[in-house]
Each structure stands twice: as structure tokens, then as C-alpha cells.
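Contents: one structure, followed by commentary.
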Amino acid sequence: MDKKKLFTLAVCFLVSQINLFAQDLSLLPGFQKSPYFNEQVLSFSYWPEVKVQINAPSDLNFVPNKKVYLILYALPNGNTTDWTIGRKLNSGDDWHYDIQHIGAQTRFLREHMQGVNIVTAYLETDMKSWPSWRRKYPDNAALIRNLVDSLRNLFNKFDTRVILNGHSGGGSFIFGFLNSVRRIPDYVDRIGFLDSDYAYDDSLGHGDKIASWLKESSKNCLCVIAYNDSIALYNGSPVVSPTGGTWYRSKMMKNNLEKSFLFTDESTPDFLHYRALSGRVNFILKENPTRAILHTTQVELNGFIQSIVSGTSYEAVDYVYYGQRAYTKWIQEAPVSFPKSHEEKKE
């Protein structure tokens, strides 16, 4: 064999070994590079009928010795993951792309909370409704617990803390998880309800479990955001029953927690605002004198940011809850289509 062929074979072998070495060094195997904001993404289907898309910082920006905040964001009813992530709205685009911007709000958080690795997992059911999904599967609590465990295991090499979060019907996912445990596990650092606590039920022990969890560690935080939907109208008709909406359910939760904690009242004409445990517990309930539907507005106007940083030194830094969007420069140009990284997973 001549020297030229030998050289070519040697180069090919060296390249292949470098590629294998690079794969072995990957902090998050299976993730695919995103064209936006130095991110990487893993997408897969999870049995039964759940779509998962995980957005993480690139390997360059992911620091292994820092904590991982794994935010499990359960999608609102009727929404897709692409709509939830958001994009810059162009003429003819579906308006849903411009009403949540969890992708851009995540990037705002990464810019400000550089002491941790922030990872957001978007959880979408095939029927686009966590309440409907739970009704379909009687063993939904165990299935949700298995999903949470599977997502945690993807980051088991790191010091990973779970944040349970969701908007609208996404809150049903959180309560499904609470129903699956006798006590909220130590790995859960934060629970955030973004106008999503419709399924709160004292008789199921939700309030008692949350109170016990808050007592167990000074790192545990609860943020509840809602508005007065009990008087909201759509085409002249009520949106929810007087006791079926987040306004009523949030007050139920607060009343339960008042048995354990002393709340301070920081209310204004626009908001009922209650705090306990030096801000680790934070209820922000929007008044609604015009009887409008403010369901998604609370998320759009920096609500996701607020739900992640309330009770910390980052709260109200470079943003105002229910103020102007603080994350505009982090909105991506367009959705990104990622082929599924794995076949459907079943635990």
C-alpha cells in the first residue's frame, strides 16, 4: 500500500477516534445542538402518550460542578411545545407563539442565575390536556412519578434539584405527582403554580403535604400566581364556577397553610399579595375589576420568571411581575424541528 493511502487511512482512523472521544466526553449524551442561544435539546415520546422536550445549556455553558435546576414545565391545555417555547411573531403566524415565551423566560433566568445550570423540560400530552390524560389513566399518579424519576435519571451524574411548574391544566400534573407520594421528596426544591391550581383539594392532603415539605428545608419554596377568574366573563358568561377556578383554590391553599405559617399582607389595589417564611411562600392574586380573562397574561408578563425566583435574591431584579416583558431579546426566530432522539420510553 502506498504512503498516500496509508496517510489517508491514518487520518480517517484518527478522525473517527476523535469523534468517539468527543461523544464520550459529552456531558449530556443524546442531546442535539440548537441553532439558538448556545442550547442543546433532547426530544422523545414517553409511554403513555406524553411528549418530552428538554432544553439545556450547551456543553460549553453547562458547568458539571454546579447544581442542575431541572424545571418540569407541564403544558397548559390546548398548547403545543413549540407554542409554549414561543417565537418572534410574523404576519400569518399562529398567535399562540406569542403568549407564553417560556423559552425566552428560561434564557432570562440563565443570564441572571449563573450559579446553577437551568434545564427546562416541556411536558405535553398527546391530547394536549393533563386533566384529560389523568382521567384516561386511572394509575396516573404512579405514571407521573415514573416520568419524574426517568427525567431525574437523565441528570443523575449531577447535583440535580427538581422544580415542579405548570400553567393552566399543567397544574394537574403537579397534583398527580403529589398524589403519588406520602411526602414530597427532598429533591423537590420549588413548586410553582401559574394560574394552574384548579385541582387543589384539602381532602387529598395537598395542603398538608406542601406544609410539611416547606417545614423540612429552608430551601423549599412555593409560588402561587392566580387572578380573579370567579368573576371573569367570556361572551357574557362566567369562565368558571365560583369555587372551580384558581382564585378560589389559591385562597383554599393559603387558608390551609395559615394553620402552619404566619403570613404578611403586602396587598395593593391591583393584587392580593401574601408572603410567609421570609418570602419562601408567595401568593400573588390579581384583582379583576373589568372581569377580563387574564389566564395567560400572567405568564406572558414575566410570570414564569417570578415563579422560579420568588423568595430569592433574584426576585424583582431586572424585571417586574405583571410589567413589561423583560425577556424580549431572548425570543428565538422560529421553532426548531428536532428528530426524536429515542424511541418511546416505557418504565
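The values are calculated or read from the model by the stated rules, or taken from the named source; none is laboratory data. Here the structure is a predicted model, which is why all the values come from computation and not from measurement. A quick note on method: Cβ atoms are made from the backbone with ideal geometry, for glycine too, and the neighbour counts reach across all protein chains shown.
Taking the criterion of being surrounded by 14 or more Cβ atoms within 10 Å (Cβ to Cβ), over 19 Å from Ile284 (Cα atoms) and touching a strand residue (DSSP E or B) at 6+ places or on another chain (Cβ under 9 Å), the only residue of segment 197-224 that qualifies is Trp213. Summed over segment 96-150, residues that are under 21 Å from Gly78 (Cβ atoms), in contact with a helix residue (DSSP H, G or I) (Cβ under 7 Å, 6 or more places away or on another chain) and basic (Lys, Arg) total 1. Considered as a group, the residues in segment 50-62 that are in contact with a strand residue (DSSP E or B) (Cβ under 6 Å, 6 or more places away or on another chain) and in a loop (DSSP other than H, G, I, E, B) include one that is surrounded by the fewest Cβ atoms within 10 Å (Cβ to Cβ), and that residue is Ser58. Of the residues Leu285, Leu301, only one is in contact (Cβ under 8 Å) with a residue 40 or more places away in the chain and of a type in the set (A, V, I, L, M, F, W, C); which? The match here is Leu285.
Taking segment 178-195 on its own, how many of its residues are of a type in the set (S, T, N, Q) and assigned to a loop (DSSP other than H, G, I, E, B)? Don't jump to the end; show me each part of the working.
Quick first cut of segment 178-195, residues of a type in the set (S, T, N, Q) only: 179-180.
After this cut, where a residue has to be assigned to a loop (DSSP other than H, G, I, E, B) as well, the list is 180.
Residues that pass the stated criteria total 1.
With the structure loaded, tell me whether Tyr274 is in contact with a strand residue (DSSP E or B) (Cβ under 9 Å, 6 or more places away or on another chain), free of Cβ contacts under 8 Å to residues at least 24 places away in the same chain and closer than 26 Å to Val162 by Cα or whether it fails that test. Yes; evaluated as a whole, the condition is true for this residue.
Within segment 160-167, does at least one residue satisfy the condition of being charged (D, E, K, R) and without any contact (Cβ under 8 Å) to a residue 60 or more places away in the chain? First the steps, then the outcome.
Of all residues in segment 160-167, those charged (D, E, K, R) come to 161.
Of the ones still in play, those that are also without any contact (Cβ under 8 Å) to a residue 60 or more places away in the chain are none.
Checked segment 160-167: no residue is charged (D, E, K, R) and without any contact (Cβ under 8 Å) to a residue 60 or more places away in the chain.
Residues in segment 129-153 that are outside any helix (DSSP H, G or I) and crowded, with 17+ Cβ neighbours inside 10 Å: Ser129 only.
Does any residue of segment 154-177 turn out to be in contact with a strand residue (DSSP E or B) (Cβ under 8 Å, 6 or more places away or on another chain), in a helix (DSSP H, G or I) and more than 22 Å from Leu222 (Cα to Cα)? Looking for residues that are in contact with a strand residue (DSSP E or B) (Cβ under 8 Å, 6 or more places away or on another chain), in a helix (DSSP H, G or I) and more than 22 Å from Leu222 (Cα to Cα), one finds none in segment 154-177, hence no.
Residues to consider are Ile305, Ile293; find the one that is part of a loop (DSSP other than H, G, I, E, B) and either under 18 Å from the mean Cα position of the chain (by Cα) or not hydroxyl-bearing (Ser, Thr, Tyr) (or both). Write out each step before concluding.
Details: Ile305 fails: part of a loop (DSSP other than H, G, I, E, B).
Step by step, each of Ile305, Ile293 is checked, and only Ile293 is part of a loop (DSSP other than H, G, I, E, B) and either under 18 Å from the mean Cα position of the chain (by Cα) or not hydroxyl-bearing (Ser, Thr, Tyr) (or both).
Across segment 19-43, which residue is modelled with the highest pLDDT among those that are out of contact with any strand residue (DSSP E or B) (no Cβ under 7 Å at 6 or more places or on another chain), over 24 Å from Arg87 (Cβ atoms) and part of a loop (DSSP other than H, G, I, E, B)?
Keep residues of segment 19-43 that are out of contact with any strand residue (DSSP E or B) (no Cβ under 7 Å at 6 or more places or on another chain), which gives 19-27, 29, 35-37.
Checking which are over 24 Å from Arg87 (Cβ atoms) leaves us with 19-27, 29.
With the extra rule that they be part of a loop (DSSP other than H, G, I, E, B), the set shrinks to 26-27, 29.
Working: Ser26: 73, Leu27: 85, Pro29: 93.
The selected residue is Pro29.
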